[in-house]
Amino acid sequence: MATKLLLTFAICRLIVTVGLTLNPMELLRLGFDGQLSFDPADVESASLDFGGLSRSEPTAVLHPASAEDVARLVQSAYESSRGFTVSARGHGHSINGQAQTANGVVVQMSGRLGSRKPDKPRVLEKMRYVDAWGGELWIDVLRSTLEYGLAPKSWTDYLYLSVGGTLSNAGISGQAFHHGPQISNVYELDVVTGKGELLTCSQKQNPELFHAVLGGLGQFGIITRARIALEPAPQRVRWIRVLYSNFTAFTHDQEYLISLHGQHSSQKFDYVEGFVIVDEGLINNWRSSFFSPRNPVKIASLGASSGVLYCLEITKNYHESTAETLDQEVEALMQKLNFIPASVFTTDLPYVDFLDRVHKAELKLRSKGLWEVPHPWLNLFVPKSRIDDFDKGVFKGILGNKTSGPILIYPMNKNKWDERSSVVVPDEEVFYLVALLRSALDTGEETQKLEYLSNQNREILRFCDEAGINVKQYLPHYTTHEEWVDHFGDKWALFHQRKMEFDPRRILATGQRIFNPSF
Ligand code: FAD
């Protein structure tokens, strides 16, 4: 009874607020197996994201039970004379409202509501792949594959992100230098296009759609299933951090380590990342809890005359049965590196604990009320040839001595990225990810405020522009057509053509603000 009343109230509200755009009765007649929700709490949660910087209220939220539910909704949006927008939402971990849509329908792909639910991940052990629902979180994909002693090869640093959400961007972490991004580790997809067709695609079947969707920012279709490549899961990880005060020595070593991507696994690390430390005092942010507080590291004590330190982070995976050779292999690799001798921090832990490391930091931040705060994050791909200039201008310049969050930096090999996908990277064989993962706090301190950090992001982009450093934004956010055309560069014509083919009414993922709907 209460539900019925709520529904009637919500429908009346809809008819008043939405007017011509979307007829809720039409939606209800579609008869979903999952749940179409007008519940204000549901609508509110779909209006927000991790960034906390923008808010757009959809009319309704669909919790699909199957790919057919998604297809039914999108087909109706496409065929309806008035049209309405549809945005897939994974775990809502975007920064700038990319999974939101005003007055349309959000398809809540992650989470399992109601009695009918999408399929759980299905592992084909012999073929070494898993078929996962597009809204599945990577942590759950991992749990399922581990039952077979298998695991995906390429990761993000944080596992509470959806398969469809990361594949719409790229999905990168320290494994990308040899396995490529997550989009290079997918065999097949099921996709609901902007016309409401449910199509299977791969390198061989509907290849244009396959390449368009990978890194496609949700513009060409909603991923309902992904077939993801697996490898035997390592049991444990040796996790090492070493420090540098010299940026050239740091990047030289990172580039050396990723150049080993073709070597036998015993002769390379499995993961190469790094971060920048510009804050004064203890090396202490939510991504570096690893440095023991009983053994505080002061920047000054390590001879960083510029006040900036760089931390190389590397791991080696192993099985307990091969642990004997591990020390030697690590030692041989470390001998080639030029870090500050007294700055080696080592730990050893189960593979899952390593992969799930950021979640532990999340729980700590949550307990202090520091997780659900605005996140003006800026992620840039910087060409290798200009990374020194970026260091001088940004790390040693614009940032000052307060960062308000971790700054990751690590290089990747472009030959591990498929040029046919939609993602855009710099035009050089090696490029760096620089991720400024800052949290804004209203503590009274100027340098922690949202406005200060947002201005600083703009200053960094302006600096790159004026210095002619051709960075590309990862998880891009632009507000004008010209900026998007510039972002895609040579790929714009193809991106536009694919949009006209797969989503001609431009109803999907409007929160990216690339195209306006045609109604
Ligand atoms: P959402 O925010 O829900 O959606 C993102 C976009 O994808 C939207 O445009 C949406 O419409 C579209 N979309 C969502 N699901 C689908 C689907 N099934 N089919 C088609 N389109 C879809 N990224 C990395 O690469 N590496 C990292 O290490 C990393 N670490 C992160 C850590 C944290 C704490 C956070 C908050 C983000 C991190 N990210 C990282 C960024 C993350 O990969 C992206 O923000 C990603 O989009 C989040 O996934 P989501 O499921 O929350 O997507």
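Report the residue count in the stretch 359-387 for those that are out of contact with any Leu (no Cβ under 8 Å at 6 or more places or on another chain), outside any loop (DSSP other than H, G, I, E, B) and under 23 Å from residue 50 (Cβ atoms). Residues in the stretch 359-387 being out of contact with any Leu (no Cβ under 8 Å at 6 or more places or on another chain), outside any loop (DSSP other than H, G, I, E, B) and under 23 Å from residue 50 (Cβ atoms): 8 in total. Among the residues making up the stretch 277-336, those that are charged (D, E, K, R) and modelled with pLDDT under 85 are 279, 280, 287, 294, 298. With the condition kept exactly as written, say whether any residue in the stretch 471-482 is within 16 Å of the ligand (Cβ to nearest atom), surrounded by fewer than 17 Cβ atoms within 10 Å (Cβ to Cβ) and not in a loop (DSSP other than H, G, I, E, B). So far as the stretch 471-482 goes, yes, one or more of its residues are within 16 Å of the ligand (Cβ to nearest atom), surrounded by fewer than 17 Cβ atoms within 10 Å (Cβ to Cβ) and not in a loop (DSSP other than H, G, I, E, B). Checked against the criterion of being within 25 Å of residue 518 (Cβ to Cβ), modelled with pLDDT under 95 and not in a strand (DSSP E or B), the stretch 35-49 contains not a single residue that satisfies it.
Of all residues in the stretch 399-437, those satisfying the criterion of being modelled with pLDDT under 95 and either at positive phi or not β-branched (Val, Ile, Thr) (or both) are 399, 400, 401, 402, 404, 405, 406. Number of residues in the stretch 330-353 that are within 13 Å of residue 257 (Cβ to Cβ), out of contact with any Lys or Arg (no Cβ under 6 Å at 6 or more places or on another chain) and part of a helix (DSSP H, G or I): the value is 3. Within the stretch 146-159, the set of residues being over 22 Å from residue 191 (Cα atoms), more than 7 Å from the ligand (Cβ to nearest atom) and not in a helix (DSSP H, G or I) comprises 147, 148, 149, 150, 151, 153, 159. If you go through the stretch 213-264 and keep only what is more than 16 Å from the ligand (Cβ to nearest atom), of a type in the set (S, T, N, Q) and under 23 Å from residue 473 (Cβ atoms), you end up with 251, 254. For the stretch 492-509, give me each residue that is part of a helix (DSSP H, G or I) and either surrounded by 17 or more Cβ atoms within 10 Å (Cβ to Cβ) or among the aromatic types (Phe, Trp, Tyr) (or both). Correct list: 492, 495, 498, 499, 502.
Annotation: residue 117 fulfils all but one of (1) within 21 Å of residue 46 (Cα to Cα); (2) buried (at least 22 other Cβ atoms within 10 Å of the Cβ); (3) out of contact with any strand residue (DSSP E or B) (no Cβ under 8 Å at 6 or more places or on another chain); the unmet one is (2).
I'd like to verify a number: residues in the stretch 38-68 that are touching a Leu at 6+ places or on another chain (Cβ under 7 Å) and crowded, with 22+ Cβ neighbours inside 10 Å, how many? Counting residues in the stretch 38-68 that are touching a Leu at 6+ places or on another chain (Cβ under 7 Å) and crowded, with 22+ Cβ neighbours inside 10 Å gives 4. Do the conditions hold for residue 354, that is, is it over 23 Å from the mean Cα position of the chain (by Cα), at pLDDT 95 or above and either within 25 Å of residue 231 (Cβ to Cβ) or of a type outside the set (Gly, Ala, Ser) (or both)? Taking the combined requirement at face value, the residue does not satisfy it. Of the residues in the stretch 71-108, how many are acidic (Asp, Glu) and within 9 Å of the ligand (Cβ to nearest atom)? Total meeting the criteria: 0. Of all the criteria given as (1) free of Cβ contacts under 8 Å to residues at least 12 places away in the same chain; (2) among the aliphatic types (A, V, I, L, M); (3) surrounded by 15 or more Cβ atoms within 10 Å (Cβ to Cβ), the one not satisfied by residue 337 is (1). Does the stretch 109-130 hold any residues that are closer than 21 Å to residue 171 by Cβ, touching a Pro at 6+ places or on another chain (Cβ under 8 Å) and away from the ligand (no atom under 14 Å from the Cβ), and which are they? The one that is closer than 21 Å to residue 171 by Cβ, touching a Pro at 6+ places or on another chain (Cβ under 8 Å) and away from the ligand (no atom under 14 Å from the Cβ): 130.
So which residues in the stretch 402-453 are of a type in the set (Val, Ile, Thr), more than 19 Å from residue 177 (Cα to Cα) and not in a loop (DSSP other than H, G, I, E, B)? Selection gives 447 alone. Residues in the stretch 314-325 that are in contact (Cβ under 8 Å) with a residue 12 or more places away in the chain and surrounded by fewer than 18 Cβ atoms within 10 Å (Cβ to Cβ): 319, 320, 323, 325.
Each residue in the stretch 180-212 was checked for being within 20 Å of residue 155 (Cβ to Cβ) and within 13 Å of the ligand (Cβ to nearest atom), and 8 pass.
Answer with yes or no whether residue 250 is in contact (Cβ under 8 Å) with a residue 40 or more places away in the chain, of a type outside the set (Ser, Thr, Tyr) and under 30 Å from residue 333 (Cα atoms). Judged against the criteria, residue 250 is a match.
The values are calculated or read from the model by the stated rules, or taken from the named source; none is laboratory data. Because the structure is a prediction, the values reported are computed rather than measured. Reconstructed Cβ throughout: ideal geometry from the backbone, glycine too, with neighbour counts over all protein chains shown.
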